[in-house]
1. Is it true that some residue in the stretch 544-554 is buried (at least 19 other Cβ atoms within 10 Å of the Cβ), of a type in the set (A, V, I, L, M, F, W, C), farther than 30 Å from G337 by Cβ and within 14 Å of the ligand (Cβ to nearest atom)?
2. Keeping to the stretch 136-170, report how many residues are free of Cβ contacts under 8 Å to residues at least 40 places away in the same chain and among the hydroxyl-bearing types (S, T, Y).
3. Please indicate, with yes or no, whether at least one residue in the stretch 320-331 is within 16 Å of the ligand (Cβ to nearest atom) and not β-branched (V, I, T).
4. Can you pull out the helices (runs of 4 or more DSSP H) entirely within the stretch 377-442 that have at least 1 residues that are of a type outside the set (D, E) and within 16 Å of the ligand (Cβ to nearest atom)?
5. Looking only at the stretch 216-248, which residues are over 24 Å from K184 (Cβ atoms) and surrounded by 14 or more Cβ atoms within 10 Å (Cβ to Cβ)?
6. What single numbered condition from (1) over 32 Å from the mean Cα position of the chain (by Cα); (2) in a helix (DSSP H, G or I) fails to hold for P162?
7. Tell me yes or no: at least one residue of the stretch 558-567 is assigned to a helix (DSSP H, G or I) and modelled with pLDDT of 85 or more.
8. Exactly one of (1) open to solvent by less than 60 Å² (accessible area, probe 1.4 Å); (2) at pLDDT 85 or above; (3) assigned to a loop (DSSP other than H, G, I, E, B) is unmet by R497. Its number?
Amino acid sequence: MSRKTMAYFFPIAWRFQKSYFIVGATKAVLEAIHPFISILMLPLIIDELLGERRLDQLFTYVAIIVIVGSLISLTASILGCQMEKCDEKFQNYFTERMSRRIMELDFQLTEDKDALDQIELARTGMQWYSGGVHGIFVQVLNMFSAFLRVAGVITLIAIHAPVLFILVIFTLCISMYLSHKDNKIELKSHKELAKVNRVFSYSGYELMDIRYAKDIRLYHAQDMMVEQWKKFTDESFAHWKAQGDGHLPNACISAAATAVRDFLMYLYLGILVIKGSITIGIFSQMISSCRELTNSVVSIGRCLQEIAKRCNYAYEYVKFMHYPAAIEKGSRPVAGGKHVIEFRDVSFSYPKTEQRVLQHVNLKLNAGEHLSVVGLNGAGKTTFVKLLCRLYDPTEGEILLDGVNIKEYDYEQYMNLFSPVFQDFKLFAFSIQENVLMGEKETVATDGTLYKLFEQVGFAEKLDSLEHGMDTMLFKSFDKEGIEASGGEQQKLAIARALYKNAPVVILDEPTAALDPVAEYEIYRQFHTLVGGKTAIYISHRLSSCQFCDHIAVFSDGHVAEYGTHDTLVDKENGIYAEMFAAQAQYYQ
Ligand code: ADP
């Protein structure tokens, strides 16, 4: 796992910021050298004090310890600060990559609990628990530094008191075992916390979003929200407590092992001094070397465990970035020009559900044709459109574009064929212009194209009343002068955005539901101008709009129950369309 995680992160991070790694390696070498200044100087000072006591010699030794030691510490600290700065950059960079991946994730995965859990694991694993690239690399450097120190002190101990190795190995085995147990406890806790955290952040943060403000106030949902929040806080606390309790016995055993090691070490070295095998200066050097060796070996063990643990957390990010696609994607290029769309015996159930939402749908849509799709709520109209837009793949049957299964086409190019306005469309907290251009160059806005479009969808009057015109921000999330557009205004903007995309197939799902009758009439009147010669699918409950279309498909219980022109269907005896039309006509006469 560690190998795979590092093989994923480090090359990306290296390409992004090479200097970080060079600075890190230099810092590790300096940190390895630092303890040896006092380890080597201390016996000289002690033996000098116990022997000739030459002041100039003593002064030189102390000066070396102080000056060289401080210089190394200072340089290492400066390099450490440089690395910290890069940490922020890495976090932002990898978060950006993940956000992009989330936005490009196959749509159906956005409703999939496993995929959502994986996003949460990736986010917390990468940002909090692993410390990201910096969190992992610092451990690698610590390990490297500890290896260098081990090599140094082994040489010193081998010269004066080789038996000390046994003591070090004794302590090492115990601490490795304990830290392995600690890691297992933390990993288990992280998995359990991922589920709690998702619900926790929903009730704690997302519900404070202004979009919920109305409903929360009018339905007095505050108490319910706070209760929910408390429930998940308690659950979260219980997990953290269990983790802390699990660590306690291990900490006690570790302290006892250190005490035994120290006792044996003093005993052995004391005997060597009494026997005259080593000087007091070397005695003190061996004590510091042995401490350094134990600490460094323990540090290597900890770093290995820490790297494994952090990589385990960060691997959730790697797993998410390679999350399997939910739909098949081909590579066939989509030809330009006009297209014929055909549903051939298409049936569909939403993932992880049994119910057949569409059943044996057969329908053909010629280039430039305008199709009206009607039916009661839940009849499958929106699902039909979602399948066409490849947000889901059919469970059975196939959808053809110019006679070829749509799965065979390049996904991006295929998606570019559609300009949909879904019922639950979303506008962004960006400017009006940005919401329509969606990343296109702003220059097009200055040639009047955009304003003409706003006129066509009936938004020009509102636009003229705004001080900052098209640069006015939507919503108040980032700009206190941002406007809270009404449902109807938002719908007009969504229609403008779809038409601006200028794709060959326009899909309008309940496009006028939030519009007042005058605006609705305007949209109908302009419909042919707006859509022009493009293919259009028009889902609407207002059957008067069907008269503008070439054909009408009446959906009922997931299948096409009736199909034809307005004139043929309106007079059909016991026909669903005829019945719905008559019922609505009463209100409009
Ligand atoms: P319509 O647009 O005609 O009102 P839909 O296509 O939205 O109907 O819905 C058809 C059926 O599919 C309904 O029973 C609805 O509950 C179900 N459905 C819609 N979306 C989902 C989903 N994401 N997961 C599971 N079932 C869904």
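1. Yes, the stretch 544-554 contains a residue that is buried (at least 19 other Cβ atoms within 10 Å of the Cβ), of a type in the set (A, V, I, L, M, F, W, C), farther than 30 Å from G337 by Cβ and within 14 Å of the ligand (Cβ to nearest atom).
2. Residues meeting the conditions: 1.
3. First, pick out the residues of the stretch 320-331 that are within 16 Å of the ligand (Cβ to nearest atom): 326-327.
Still in the running and not β-branched (V, I, T): 326.
Yes, the stretch 320-331 contains at least one residue that is within 16 Å of the ligand (Cβ to nearest atom) and not β-branched (V, I, T).
4. By residue number, 381-388.
5. Quick first cut of the stretch 216-248, residues over 24 Å from K184 (Cβ atoms) only: 216-234.
Those that are over 24 Å from K184 (Cβ atoms) and surrounded by 14 or more Cβ atoms within 10 Å (Cβ to Cβ): I216, A221, M225, Q228, W229, K231, F232, T233.
6. (2)
7. Yes - at least one qualifying residue is present in the stretch 558-567.
8. (3)
The values are calculated or read from the model by the stated rules, or taken from the named source; none is laboratory data. Only a predicted model underlies this, so the values are computations on that prediction, with no experimental measurement involved. Heads up, the Cβs are rebuilt from the backbone with ideal geometry, glycines too, and the neighbour counts pull from every protein chain shown. The accessibility values were calculated without ligands, DNA or RNA, using every heavy atom of the protein model including side chains. Shrake-Rupley method; radii C 1.70, N 1.55, O 1.52, S 1.80 Å.
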